[in-house]
Amino acid sequence: MEHPDYNSPLALKAFLDGNGMAMQKKFGQNFLVNGDARRRIVDALDIDGSKNVWEVGPGLGSMTAEILSRGASLTAFEIDRGFARLVGEFFADEAARGKFRLVEGDVLKTWKGELEKSGVPDRFFGNLPYNVAATIVADTIASGVRFEKAVVTVQKEVAVRMAADCGSGDYSSFSVLCRWAYRISNVADLAGGNFWPVPRVASRAVLMERRDGFPGCANPGLFMGMVRQLFSSRRKTVRNNLARLAGTDSGDVISSAGIDPSSRAESLSVEELLALSDKLGEFLGRIGDGKN
Ligand code: SAM
């Protein structure tokens with residue numbers, strides 16, 4: 001089956017009309033209709049014939065075609081049944097050669113099954129709706145899965161939050177999670193006009209490169225829970241936010257990590273938070289042992 005012209009909104013619309021389909025807002029469907037931008041984004045993925053890639057949300061397969069043209073093997077996760085059917089037809093030859101597989105359904109429900117079947121892929125890729133982007137990044141990290149490299153295109157504000165450092169108003173528990181596991185850098189800024197339909201918000205493609213020395217703390221689960229707690233009330237001090245976990249001793253636990261208990265979570269670097277979670281872990285262990 002012939003691919004539509006991926007750079008022409010008119011051709012894409014005609015193609016969908018011809019197949020009795022329409023773009024669905026609820027799935028965050030906006031196609032990247034700028035071929036140069038597609039190439040630049042896939043360049044950042046740094047792939048060749050030896051790499052296998054997971055792509056979330058192939059849509060009608062414009063990025064899929066670009067990735068496959070570099071020789072990589074690709075598994076695509078698509079929730080829209082119509083797109084899934086068409087993409088399956090477009091890349092039937094690649095599928096027959098073992099270079100392409102399609103996993104239909106919500107990636108948030110299907111990725112773990114795929115992981116069990118085929119292991120962690122070399123690369124993760126997606127031009128993603130906001131809620132899916134934040135959830136899949138958080139879910140994979142929480143499950144101890146980190147990709148060597150990932151390139152995601154997300155709403156610009158989400159990209160800013162992913163890369164935000166302590167002291168910035170954009171620094172959040174999601175920033176901590178992303179910066180803990182990855183080095184984040186910008187690949188491309190994409191104004192709404194690069195997409196069809198034109199979204200109201202600008203997007204940014206970011207490169208995520210696996211950090212060495214992960215997890216950098218004794219108990220990743222405790223670290224993540226503590227970070228969520230510390231950022232739950234941004235205006236409260238670290239002492240007050242930690243009191244839920246460490247009770248009246250929270251000030252001592254924080255001081256023992258070399259941190260001022262009256263500081264706020266947004267001023268603490270990932271390294272300071274890791275050190276704090278270790279001190280908290282020791283404290284909770286002592287309580288558990290009855291030695292406090
Ligand atoms: N890759 C195409 C491009 O860049 O032009 C389309 C990107 S479009 C922004 C997002 C794609 O993700 C759509 O194909 C949409 O159907 C798919 N999608 C949305 N939510 C999903 C989910 N939970 N699981 C899998 N795919 C999803």
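The values are calculated or read from the model by the stated rules, or taken from the named source; none is laboratory data. Just so it is clear, the model here is predicted, and its values are computed rather than measured. Every residue, glycine among them, receives a Cβ derived from its backbone with ideal geometry; neighbour counts consider all protein chains shown. Just the protein is used for accessible areas: all its heavy atoms, side chains included, with ligands, DNA and RNA removed. Shrake-Rupley method; radii C 1.70, N 1.55, O 1.52, S 1.80 Å.
Condition test on Val152, is it touching a residue at least 40 places away in the same chain (Cβ under 8 Å) and open to solvent by 50 Å² or more (accessible area, probe 1.4 Å)?
no
Name the residues in the range 92-111 that are touching a helix residue (DSSP H, G or I) at 6+ places or on another chain (Cβ under 9 Å) and within 13 Å of the ligand (Cβ to nearest atom), would you?
Leu102, Val103, Glu104, Gly105, Asp106, Val107, Leu108, Trp111, listed by residue number.
Being out of contact with any strand residue (DSSP E or B) (no Cβ under 9 Å at 6 or more places or on another chain) and modelled with pLDDT under 95, is that true of even one residue in the range 113-129?
no
Only one residue in Asp122, Asp106 is within 20 Å of Met23 (Cα to Cα) and charged (D, E, K, R). Which one?
Selected residue: Asp106, the only one of Asp122, Asp106 that is within 20 Å of Met23 (Cα to Cα) and charged (D, E, K, R).
Checking the conditions here, which among Leu230, Leu190 is under 30 Å from Met63 (Cβ atoms) and open to solvent by less than 20 Å² (accessible area, probe 1.4 Å)?
Answer to the selection: Leu190.
Out of Glu116, Glu157, which single residue is more than 9 Å from the ligand (Cβ to nearest atom), touching a residue at least 40 places away in the same chain (Cβ under 8 Å) and open to solvent by 50 Å² or more (accessible area, probe 1.4 Å)?
Of the residues listed, the single one that is more than 9 Å from the ligand (Cβ to nearest atom), touching a residue at least 40 places away in the same chain (Cβ under 8 Å) and open to solvent by 50 Å² or more (accessible area, probe 1.4 Å) is Glu157.
If we keep just the residues of the range 50-74 that are open to solvent by less than 20 Å² (accessible area, probe 1.4 Å) and either over 24 Å from Ser8 (Cα atoms) or away from the ligand (no atom under 12 Å from the Cβ) (or both), which is farthest from the chain's Cα centre (by Cα)?
Once the filter is applied, the top-ranked residue is Ala72.
If you scan the range 91-103, which residues turn out to be out of contact with any strand residue (DSSP E or B) (no Cβ under 6 Å at 6 or more places or on another chain) and surrounded by 13 or more Cβ atoms within 10 Å (Cβ to Cβ)?
Ala95
Which of the residues that make up the range 76-89 are more than 10 Å from the ligand (Cβ to nearest atom) and either surrounded by fewer than 20 Cβ atoms within 10 Å (Cβ to Cβ) or outside the structural domain of Gly59 (by TED's automatic domain parsing) (or both)?
Answer for the range 76-89, where residues must be more than 10 Å from the ligand (Cβ to nearest atom) and either surrounded by fewer than 20 Cβ atoms within 10 Å (Cβ to Cβ) or outside the structural domain of Gly59 (by TED's automatic domain parsing) (or both): Arg85, Gly88, Glu89.
Restricting attention to the range 1-49, and to residues there that are acidic (Asp, Glu) and within 26 Å of Asp122 (Cβ to Cβ), which single residue is surrounded by the fewest Cβ atoms within 10 Å (Cβ to Cβ)?
Asp48
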